[in-house]
1. Restricting attention to region 151-168, report how many residues are modelled with pLDDT of 85 or more and open to solvent by 30 Å² or more (accessible area, probe 1.4 Å).
2. Among the candidates ALA211, ALA239, ALA235, which residue alone is at pLDDT below 85 and crowded, with 22+ Cβ neighbours inside 10 Å?
3. Only one of these is under 26 Å from MET366 (Cβ atoms) and aliphatic (A, V, I, L, M): VAL283, VAL258, VAL228. Name it.
4. Regarding MET455, is this residue touching a Leu at 6+ places or on another chain (Cβ under 7 Å) and in a helix (DSSP H, G or I)?
5. In region 301-350, what residues are under 21 Å from the mean Cα position of the chain (by Cα) and more than 25 Å from ALA390 (Cα to Cα)?
6. Taking the options ASN310, ASN296, name whichever one is part of a loop (DSSP other than H, G, I, E, B) and either closer than 25 Å to THR166 by Cβ or in contact with a Cys (Cβ under 7 Å, 6 or more places away or on another chain) (or both).
7. Based on this model, can you work out whether LEU137 counts as open to solvent by 40 Å² or more (accessible area, probe 1.4 Å) and either part of a helix (DSSP H, G or I) or of a type in the set (Gly, Ala, Ser) (or both)?
8. What is the number of the single condition among (1) touching a helix residue (DSSP H, G or I) at 6+ places or on another chain (Cβ under 8 Å); (2) open to solvent by 10 Å² or more (accessible area, probe 1.4 Å); (3) not aliphatic (A, V, I, L, M) that CYS190 does not meet?
Amino acid sequence: MSVCPAAARWAGVYRPAVSPPSAVCPADSAPLPTAADRGDMLPTEGLVQSAAAAEPAKGFIEYYVSNVKMDVTTMTYAAFMALSVACFVLLHLARHTKAQLTAASNPHFVQFQRQFFAVYFLALFSDWLQGPYVYKLYSHYGFAEYQIAVIYVVGFAASVVFGTATGPLADRFGRKKTCIAFSVAYSLCCLTKLSRTYAVLLLGRVFGGIATSMLFSTFESWYVYEHVETHDFPAEWIAVTFSKATFWNGILAIVAGVASNMAAEWLGFGPVAPFLMAIPCLVACGGLVSAQWQENYGNQQINLRRSYINGLRTILASEVVALLGLIQSLFESVMYMFVFLWTPILDPSQPPLGMVFSCFMVCIMMGSSLNTLLMGRGMRPERVLTLAVAINIVCMLVCTVATGPGAAMPGLAFAAFLFLELAVGMYFPSMGYLRSQVIPEEQRASIMNWFRVPMNLITCGGLLWLHQGESAGGNQVIFMACAGLLMLALVACLRFSRRYQETRLPEKDLTESKPSAL
């Protein structure tokens, strides 16, 4: 089967049927049929030398992008191996920081961590199993890109409409029960993937949106309460747990990426196989929660409406909380738009999607270890957060160049994606620690779900605007918009760092003045 010239040019793959010198006859001869006429090579092949002579720099880039043979599969596996080596070097260095060594020496804390991780990692693993093939499954079912975008938007909209209720309900009826409900809702979401009916898939995304809200709020709320209130461990060890969770989250995602790739290719179900594999993990997650976790609550007396209002009032009354919520909403909305964009950008090059996904997760692990190293050397978590946002801005700007309609460069886009995931790995431990310090315990779940409202609205708006018909602005415009959002997040980070230190300074001064006062 011949390769579409436009698709081959966008993918940066050159597979000529004949060598370039024979593509055009001498001047005194009639032109022979070229590969471009047959549709299996680029139509501009014979003009590369003249274009390079006229515009050397531009010609070199276009030659490299369009006319160099590239084994994408080999490149992906080589990147995975190189990143893995760098990751374990960073891990070895991170293990010797003071906070890690102190926390690891406490057997009760280690046992508590393992109890939390056994459940949390099963939940994350079930989520990651689905990651590489969400877009691919909908495409496999024959839906157009705009229809797929609508399915994504329905999931984010469900998080806005129903997700904000999960926090107050968890506080009132119990976070343990809510985590069990997560396992049920996400299992239903996976089962709907067996249907090719568009309405059923939309319903599945509603279940998925609700479950995602539970995953990224209730589990953390349960842990922080147990860490502080039940076990009375030092607050700085919360950052140790979140850093370790981010690192092992990357390990789980790598395994999930490889496993989903194998299941989709070797089993007879195709792209739906990873979703079926996730169901036993979710059942085991719910079973462990039921058997091993104890119940804890937030504010049980307050009603649902008052919980919403009080959470929103706290955000509006505290500049530090509002700024942190703004940073989270902007950063994570860009992250979720990237989740939708990376597959259609790289898929024309036909890379192994599971291994590409695994490369991304290795970078997240590297970011987590880098976060530990930086904080171990005295860098404050709010500064690490600012650095992560700055790195992502650079990545978005590179992606605007790499996805241009004139000469798309998937190799450059892939490199930018790797650094983007590195920044994500640095972001999550810092954000998790800062949330534990800034958000009041009795309103934690409610406020965290309020943070997700603007994030979901931004993501929905971005995806709908991207696919608002045939005149859509394209990926390049979306990446430019993402860079603008992150620049706003960077300004918020700088303001947050200053205000956060001002709110903590009086406590530090008071603590230091106690010995002299006595």
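1. Within region 151-168, residues that are modelled with pLDDT of 85 or more and open to solvent by 30 Å² or more (accessible area, probe 1.4 Å) number 1.
2. The unique qualifying residue is ALA239.
3. Of VAL283, VAL258, VAL228, the one residue that is under 26 Å from MET366 (Cβ atoms) and aliphatic (A, V, I, L, M) is VAL258.
4. When the stated conditions are applied, MET455 does not pass them.
5. PRO344, ASP347
6. After applying the criteria, what remains is ASN296.
7. no
8. (2)
The values are calculated or read from the model by the stated rules, or taken from the named source; none is laboratory data. Small disclaimer: the values here were computed from a predicted structure and weren't measured. So basically every Cβ, Gly included, is an ideal-geometry build from the backbone, and we count neighbours across all protein chains shown. These area figures cover heavy atoms from the full protein model, side chains too; ligands, DNA and RNA do not enter into them. Shrake-Rupley method; radii C 1.70, N 1.55, O 1.52, S 1.80 Å.
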